[in-house]
Amino acid sequence: MITTARPELAPLFNNVHKQCPQEKTNHLTMALSTATIPELDRLHQQASRWQSLSPRQRIPYLKAVKALARRHATEWVTLACQIKGIDPQGAWAGEEWTTGPLGLILKLDHYLYALRHEATPPVPRWRTAPTGQAIAEILPRNWQERLLWFGVKAAVWLQPNHPPTQGSAYRNPPPPGVAVVLGAGNITSLCLADALYQLVVANRVALLKMNPLLTPLTDCFRKVCAPLIEAGFLEIVEGDAALGEALCHHPLTQHVHITGSHHTYNRLVWGETAAEQAIRKARQQPQAEANP
(Lines give C-alpha, C1' and ligand atoms only; values in the text may rest on other atoms or scores of the structure.)
Protein backbone atom coordinates (compact mmCIF):
# COMPACT_ATOMS: atom_id res chain seq x y z
CA MET A 1 0.00 0.00 0.00
CA ILE A 2 1.24 3.48 -0.85
CA THR A 3 0.46 6.56 1.22
CA THR A 4 1.95 9.95 0.59
CA ALA A 5 1.31 13.61 1.18
CA ARG A 6 2.69 14.52 -2.26
CA PRO A 7 -0.24 15.52 -4.51
CA GLU A 8 1.58 14.52 -7.68
CA LEU A 9 1.51 10.92 -6.42
CA ALA A 10 -2.21 10.96 -5.66
CA PRO A 11 -3.09 8.52 -8.48
CA LEU A 12 -1.10 5.89 -6.59
CA PHE A 13 -3.10 6.16 -3.40
CA ASN A 14 -4.70 2.89 -2.43
CA ASN A 15 -6.96 4.20 0.31
CA VAL A 16 -9.96 6.28 -0.62
CA HIS A 17 -12.35 7.93 1.83
CA LYS A 18 -16.04 8.03 0.95
CA GLN A 19 -17.73 11.37 0.46
CA CYS A 20 -21.40 11.92 -0.19
CA PRO A 21 -21.52 12.15 -4.00
CA GLN A 22 -22.80 15.47 -5.30
CA GLU A 23 -24.24 13.85 -8.39
CA LYS A 24 -25.97 10.56 -9.07
CA THR A 25 -23.74 7.92 -10.60
CA ASN A 26 -25.90 7.29 -13.66
CA HIS A 27 -23.08 5.61 -15.53
CA LEU A 28 -23.40 2.29 -13.67
CA THR A 29 -24.08 -0.59 -16.01
CA MET A 30 -26.66 -2.01 -13.61
CA ALA A 31 -28.81 -0.27 -11.04
CA LEU A 32 -28.09 -1.23 -7.45
CA SER A 33 -30.16 0.33 -4.69
CA THR A 34 -29.50 0.07 -0.97
CA ALA A 35 -32.01 -2.77 -0.76
CA THR A 36 -30.03 -4.91 -3.20
CA ILE A 37 -26.84 -5.05 -1.11
CA PRO A 38 -27.95 -6.87 2.06
CA GLU A 39 -24.33 -7.61 3.01
CA LEU A 40 -23.76 -3.90 3.61
CA ASP A 41 -26.90 -3.70 5.73
CA ARG A 42 -25.80 -6.63 7.89
CA LEU A 43 -22.35 -5.18 8.40
CA HIS A 44 -23.71 -1.74 9.22
CA GLN A 45 -25.84 -3.27 11.98
CA GLN A 46 -22.77 -4.87 13.59
CA ALA A 47 -20.31 -1.98 13.18
CA SER A 48 -20.86 -0.62 16.69
CA ARG A 49 -20.63 -4.07 18.25
CA TRP A 50 -17.23 -4.66 16.64
CA GLN A 51 -15.92 -1.39 18.04
CA SER A 52 -17.25 -2.29 21.49
CA LEU A 53 -14.90 -5.30 21.62
CA SER A 54 -11.63 -4.72 23.43
CA PRO A 55 -8.38 -5.78 21.77
CA ARG A 56 -8.25 -8.93 23.88
CA GLN A 57 -11.86 -9.80 23.06
CA ARG A 58 -10.90 -9.90 19.38
CA ILE A 59 -8.13 -12.44 19.89
CA PRO A 60 -10.41 -15.53 19.78
CA TYR A 61 -11.75 -14.51 16.39
CA LEU A 62 -8.27 -14.16 14.89
CA LYS A 63 -7.04 -17.37 16.51
CA ALA A 64 -9.98 -19.22 14.96
CA VAL A 65 -9.26 -17.74 11.53
CA LYS A 66 -5.62 -18.74 11.87
CA ALA A 67 -6.59 -22.33 12.68
CA LEU A 68 -8.96 -22.45 9.71
CA ALA A 69 -6.29 -21.02 7.40
CA ARG A 70 -4.07 -23.97 8.37
CA ARG A 71 -6.94 -26.45 7.93
CA HIS A 72 -7.84 -25.21 4.46
CA ALA A 73 -4.30 -24.39 3.29
CA THR A 74 -4.02 -27.29 0.85
CA GLU A 75 -7.38 -26.46 -0.74
CA TRP A 76 -6.33 -22.80 -0.97
CA VAL A 77 -3.02 -23.56 -2.69
CA THR A 78 -4.57 -26.13 -5.04
CA LEU A 79 -7.16 -23.61 -6.23
CA ALA A 80 -4.53 -20.88 -6.57
CA CYS A 81 -2.40 -23.16 -8.73
CA GLN A 82 -5.39 -24.00 -10.91
CA ILE A 83 -6.11 -20.30 -11.41
CA LYS A 84 -2.52 -19.60 -12.44
CA GLY A 85 -1.95 -22.81 -14.41
CA ILE A 86 0.71 -24.09 -12.00
CA ASP A 87 1.38 -27.71 -11.13
CA PRO A 88 0.36 -27.95 -7.44
CA GLN A 89 3.09 -30.57 -6.96
CA GLY A 90 5.75 -28.54 -8.76
CA ALA A 91 8.39 -26.16 -7.46
CA TRP A 92 6.45 -23.05 -8.46
CA ALA A 93 3.64 -24.06 -6.09
CA GLY A 94 5.93 -23.06 -3.23
CA GLU A 95 5.29 -19.41 -3.97
CA GLU A 96 1.54 -19.99 -3.64
CA TRP A 97 2.12 -21.46 -0.20
CA THR A 98 4.32 -18.61 1.03
CA THR A 99 2.21 -15.78 -0.43
CA GLY A 100 -1.08 -17.53 0.26
CA PRO A 101 -1.98 -19.25 3.53
CA LEU A 102 1.46 -18.76 5.10
CA GLY A 103 1.34 -15.06 4.31
CA LEU A 104 -2.05 -14.73 5.99
CA ILE A 105 -0.95 -16.75 9.03
CA LEU A 106 2.09 -14.51 9.50
CA LYS A 107 -0.15 -11.45 9.24
CA LEU A 108 -2.49 -12.91 11.85
CA ASP A 109 0.46 -13.60 14.15
CA HIS A 110 1.43 -9.93 13.98
CA TYR A 111 -2.13 -8.83 14.73
CA LEU A 112 -2.44 -11.26 17.62
CA TYR A 113 0.83 -9.94 19.04
CA ALA A 114 -0.51 -6.39 18.78
CA LEU A 115 -3.86 -7.25 20.35
CA ARG A 116 -2.14 -8.98 23.29
CA HIS A 117 -0.43 -5.64 23.91
CA GLU A 118 -3.73 -3.72 23.83
CA ALA A 119 -3.18 -2.64 20.20
CA THR A 120 0.08 -0.90 21.08
CA PRO A 121 2.83 -3.48 20.51
CA PRO A 122 6.29 -2.57 21.80
CA VAL A 123 8.70 -1.27 19.19
CA PRO A 124 11.95 -3.29 19.08
CA ARG A 125 14.11 -0.19 18.81
CA TRP A 126 13.71 3.59 18.56
CA ARG A 127 16.23 6.02 17.17
CA THR A 128 16.24 9.66 16.10
CA ALA A 129 17.09 10.98 12.64
CA PRO A 130 19.30 14.08 12.15
CA THR A 131 16.07 15.91 11.29
CA GLY A 132 14.72 15.15 14.73
CA GLN A 133 12.21 12.63 13.42
CA ALA A 134 11.51 9.57 15.54
CA ILE A 135 12.25 6.30 13.75
CA ALA A 136 10.71 3.00 14.82
CA GLU A 137 12.76 0.00 13.72
CA ILE A 138 10.11 -2.70 13.42
CA LEU A 139 11.74 -5.54 11.44
CA PRO A 140 13.20 -7.94 12.38
CA ARG A 141 11.40 -8.35 15.68
CA ASN A 142 12.67 -11.82 16.64
CA TRP A 143 14.94 -14.63 15.46
CA GLN A 144 12.20 -16.13 13.27
CA GLU A 145 11.94 -12.91 11.31
CA ARG A 146 15.73 -12.69 11.07
CA LEU A 147 15.71 -16.10 9.37
CA LEU A 148 12.63 -15.53 7.21
CA TRP A 149 13.65 -12.04 6.10
CA PHE A 150 17.39 -12.57 6.14
CA GLY A 151 19.18 -9.27 5.60
CA VAL A 152 15.94 -7.28 5.40
CA LYS A 153 15.20 -4.42 7.77
CA ALA A 154 12.19 -2.11 7.98
CA ALA A 155 11.64 1.14 9.83
CA VAL A 156 8.80 3.64 10.15
CA TRP A 157 9.76 7.30 10.02
CA LEU A 158 7.27 9.42 11.92
CA GLN A 159 6.38 12.83 10.59
CA PRO A 160 8.37 15.63 12.28
CA ASN A 161 6.92 16.70 15.63
CA HIS A 162 4.25 13.97 15.48
CA PRO A 163 3.92 11.48 18.35
CA PRO A 164 3.39 7.75 17.73
CA THR A 165 -0.21 6.88 16.89
CA GLN A 166 -0.29 3.13 17.47
CA GLY A 167 -3.74 2.02 18.55
CA SER A 168 -5.34 5.42 17.92
CA ALA A 169 -8.32 3.76 16.22
CA TYR A 170 -9.08 2.11 19.58
CA ARG A 171 -8.52 5.13 21.79
CA ASN A 172 -10.34 7.48 19.41
CA PRO A 173 -12.39 5.19 17.17
CA PRO A 174 -13.84 6.48 13.90
CA PRO A 175 -17.62 6.63 13.58
CA PRO A 176 -18.92 3.05 13.30
CA GLY A 177 -19.02 2.14 9.64
CA VAL A 178 -18.28 -0.27 6.84
CA ALA A 179 -15.07 -0.42 4.82
CA VAL A 180 -15.35 -1.79 1.29
CA VAL A 181 -12.23 -3.63 0.15
CA LEU A 182 -11.78 -4.13 -3.59
CA GLY A 183 -9.61 -7.22 -3.57
CA ALA A 184 -6.31 -7.61 -5.37
CA GLY A 185 -6.04 -10.21 -8.11
CA ASN A 186 -2.42 -11.33 -7.88
CA ILE A 187 -1.17 -12.34 -4.42
CA THR A 188 -3.94 -14.54 -3.09
CA SER A 189 -3.63 -13.58 0.59
CA LEU A 190 -3.60 -9.85 -0.08
CA CYS A 191 -7.37 -9.35 -0.27
CA LEU A 192 -7.90 -11.09 3.08
CA ALA A 193 -4.98 -9.18 4.58
CA ASP A 194 -6.54 -5.89 3.43
CA ALA A 195 -9.90 -6.84 4.95
CA LEU A 196 -8.21 -7.80 8.23
CA TYR A 197 -6.36 -4.48 8.23
CA GLN A 198 -9.68 -2.66 8.19
CA LEU A 199 -11.01 -4.80 11.02
CA VAL A 200 -7.96 -4.80 13.29
CA VAL A 201 -6.04 -1.61 12.50
CA ALA A 202 -8.74 0.78 11.26
CA ASN A 203 -11.41 -0.62 13.63
CA ARG A 204 -14.13 -1.00 10.98
CA VAL A 205 -16.20 -3.94 9.82
CA ALA A 206 -15.35 -4.91 6.26
CA LEU A 207 -16.91 -6.07 3.01
CA LEU A 208 -14.46 -7.76 0.67
CA LYS A 209 -15.34 -7.83 -3.01
CA MET A 210 -13.31 -10.55 -4.66
CA ASN A 211 -11.30 -9.78 -7.76
CA PRO A 212 -12.93 -11.72 -10.65
CA LEU A 213 -9.63 -13.52 -11.26
CA LEU A 214 -9.76 -15.08 -7.80
CA THR A 215 -13.44 -15.99 -7.49
CA PRO A 216 -12.63 -19.75 -7.50
CA LEU A 217 -11.19 -19.05 -4.02
CA THR A 218 -14.33 -17.36 -2.65
CA ASP A 219 -15.82 -20.40 -0.93
CA CYS A 220 -12.45 -21.35 0.52
CA PHE A 221 -11.95 -17.84 1.89
CA ARG A 222 -15.43 -17.88 3.40
CA LYS A 223 -14.55 -21.08 5.25
CA VAL A 224 -11.28 -19.57 6.47
CA CYS A 225 -13.03 -16.41 7.70
CA ALA A 226 -16.19 -18.13 8.98
CA PRO A 227 -15.83 -16.88 12.61
CA LEU A 228 -15.82 -13.26 11.48
CA ILE A 229 -18.53 -13.78 8.86
CA GLU A 230 -20.87 -15.62 11.23
CA ALA A 231 -20.46 -12.85 13.82
CA GLY A 232 -21.46 -10.25 11.23
CA PHE A 233 -18.10 -8.47 11.10
CA LEU A 234 -17.01 -9.50 7.59
CA GLU A 235 -18.70 -10.26 4.27
CA ILE A 236 -17.11 -11.68 1.11
CA VAL A 237 -18.95 -11.10 -2.17
CA GLU A 238 -18.39 -11.61 -5.88
CA GLY A 239 -19.32 -9.27 -8.70
CA ASP A 240 -18.24 -7.19 -11.65
CA ALA A 241 -16.91 -3.62 -11.85
CA ALA A 242 -20.45 -2.22 -11.65
CA LEU A 243 -21.01 -3.87 -8.28
CA GLY A 244 -17.65 -2.60 -7.06
CA GLU A 245 -18.53 0.94 -8.09
CA ALA A 246 -21.96 0.72 -6.49
CA LEU A 247 -20.41 -0.49 -3.25
CA CYS A 248 -17.91 2.36 -3.28
CA HIS A 249 -20.61 5.00 -3.68
CA HIS A 250 -23.16 3.39 -1.38
CA PRO A 251 -24.37 5.63 1.49
CA LEU A 252 -23.49 2.93 4.06
CA THR A 253 -19.87 2.78 2.88
CA GLN A 254 -17.61 4.81 5.14
CA HIS A 255 -14.24 3.90 3.63
CA VAL A 256 -12.92 2.30 0.44
CA HIS A 257 -9.67 0.36 0.21
CA ILE A 258 -8.43 -0.46 -3.26
CA THR A 259 -5.47 -2.20 -4.76
CA GLY A 260 -5.18 -1.29 -8.40
CA SER A 261 -3.86 1.01 -11.06
CA HIS A 262 -4.32 4.74 -11.44
CA HIS A 263 -7.12 3.92 -13.90
CA THR A 264 -9.12 2.30 -11.09
CA TYR A 265 -8.37 5.23 -8.82
CA ASN A 266 -9.47 7.81 -11.39
CA ARG A 267 -12.73 5.99 -12.12
CA LEU A 268 -13.67 5.85 -8.45
CA VAL A 269 -12.52 9.33 -7.49
CA TRP A 270 -13.06 11.41 -10.64
CA GLY A 271 -15.67 9.59 -12.70
CA GLU A 272 -16.29 6.96 -15.36
CA THR A 273 -15.12 8.67 -18.54
CA ALA A 274 -12.07 10.74 -19.37
CA ALA A 275 -14.35 13.72 -20.09
CA GLU A 276 -16.06 13.46 -16.71
CA GLN A 277 -12.72 13.10 -14.98
CA ALA A 278 -11.37 16.21 -16.71
CA ILE A 279 -14.43 18.26 -15.69
CA ARG A 280 -14.32 17.10 -12.08
CA LYS A 281 -10.58 17.71 -11.82
CA ALA A 282 -10.98 21.20 -13.23
CA ARG A 283 -13.74 21.93 -10.71
CA GLN A 284 -11.95 20.06 -7.91
CA GLN A 285 -15.13 18.05 -7.31
CA PRO A 286 -14.08 14.43 -6.65
CA GLN A 287 -16.69 11.74 -6.10
CA ALA A 288 -14.47 10.52 -3.26
CA GLU A 289 -11.48 11.97 -1.46
CA ALA A 290 -8.03 10.40 -1.31
CA ASN A 291 -6.76 9.77 2.19
CA PRO A 292 -3.04 10.67 2.25
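The values are calculated or read from the model by the stated rules, or taken from the named source; none is laboratory data. Keep in mind it's a predicted model, so treat the numbers as computed, not measured. In this analysis, Cβ positions are derived from the backbone assuming ideal geometry, glycine residues included, and neighbour counts consider all displayed protein chains. Only protein heavy atoms, including side chains, enter the accessible area calculation; ligands, DNA and RNA are left aside. Shrake-Rupley method; radii C 1.70, N 1.55, O 1.52, S 1.80 Å.
Residues whose amide H lies under 5 Å from that of Leu208, counting only those 5 or more places away or on a different chain, are Val181, Glu235, Ile236, Val237; hydrogens are built 1.01 Å from N in the peptide plane. Using Cβ point charges alone (K and R +1, D and E -1), the dipole size of the chain about the Cα centre works out to roughly 960 debye.
Accessible area of the chain with a 1.4 Å probe: how many percent of it is carbon plus sulfur? Don't jump to the answer; show the numbers that get you there.
Working: 8630 of 15240 Å².
Reported share for carbon and sulfur atoms: 57 percent.
The string of couplings for region 48-63 from the Karplus curve (6.51, -1.76, 1.60, θ = phi - 60°) is 5, 5, 4, 5, 6, 6, 6, x, 5, 6, 8, 4, x, 5, 6, 4 Hz, one whole number per residue in order, with x for Gly and Pro. Among 81-93, 217-229, 48-60, the peptide with the highest mean count of other Cβ atoms within 10 Å heads the list, and the full ranking is 217-229, 48-60, 81-93. Among 159-170, 259-270, sorting by the average number of other beta carbon atoms lying within 10 angstrom of each residue, highest first, gives 259-270, 159-170.
Helical runs (DSSP H, four residues minimum) scored at -39500 (n - 2.57) apiece and divided by the length of the chain put the mean residue ellipticity at 222 nm at -12500 deg cm²/dmol. Taking Rg and Dmax of the Cα atoms in Å as calculated from this structure, the corresponding entry among (i) 19.7, 56; (ii) 19.3, 60; (iii) 20.1, 72 is (i).
At 1.4 Å probe radius, can you tell me the per residue accessible area of the chain in Å²?
Per residue, the chain has an accessible area of 52 Å².
In this Cβ point-charge picture (+1 for Lys and Arg, -1 for Asp and Glu), region 54-172 has a dipole of about 480 debye about its Cα centre.
Computing FRET efficiency as 1/(1 + (r/R0)^6) for Thr215 and Ala129, where r is the C-beta to C-beta distance and R0 is 41 Å, gives about 0.35. Here the dipole of region 204-258 is about 160 debye; that uses its Cα centre as origin and unit charges on the Cβ of Lys and Arg (positive) and Asp and Glu (negative). May I ask you to derive the FRET efficiency for Glu238 and Ala91 from their Cβ-Cβ distance with R0 = 30 Å, giving the value to the nearest 0.05? Step by step, r from the Cβ atoms, then E = 0.45.
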